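The values are calculated or read from the model by the stated rules, or taken from the named source; none is laboratory data. The structure presented is a predicted model; accordingly, all values stated were derived computationally and were not measured. Note that we place each Cβ from the backbone using ideal geometry, even for glycine, and neighbour counts take in every protein chain shown. To get the accessible areas, we keep the full protein, side chains included, count just its heavy atoms, and leave off ligands, DNA and RNA. Shrake-Rupley method; radii C 1.70, N 1.55, O 1.52, S 1.80 Å.
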Amino acid sequence: MIYLRQLFMIIFAVIVLVCLQYQYWFGTNGRGDLAALNKQISEQQSINSDQQKANEVLLADVKDLKNGLEAVEEHARSDLGLIKQGETFVQMSTASSVYSTDVIAPTVHNTATPQP
């Protein structure tokens, strides 16, 4: 009878251990949820890092605008296309020319006999 109680206790302990392991691996707030949460954290840290870099650029831009007119002039030139009085505006195009040297016009051969 003592052996039977010990056997039941061992079986009960194994069942409890299996239930706890199931909860750990597959249950709510278990190992799978932890992996998903860690993935979300790393994605959010990446987004935060990108936003921090953008904020630093904007902060430097604000400091330039507050401290000097060079930044204002640069923005006016690049964003609005403004030019100073007495300057000449020249716009360079990077598009390929319609009359490229790659396209050669067909040559026309004169079949008439030359006049002396």
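A few points about this structure:
- Selection count, region 73-97, where residues are under 23 Å from residue 62 (Cβ atoms) and open to solvent by 100 Å² or more (accessible area, probe 1.4 Å): 3
- Inter-residue pairs, beta-carbon under 8 Å, first modelled with pLDDT under 75 and among the small types (Gly, Ala, Ser) and in region 83-95, second open to solvent by 100 Å² or more (accessible area, probe 1.4 Å) and part of a loop (DSSP other than H, G, I, E, B), 6+ apart: none
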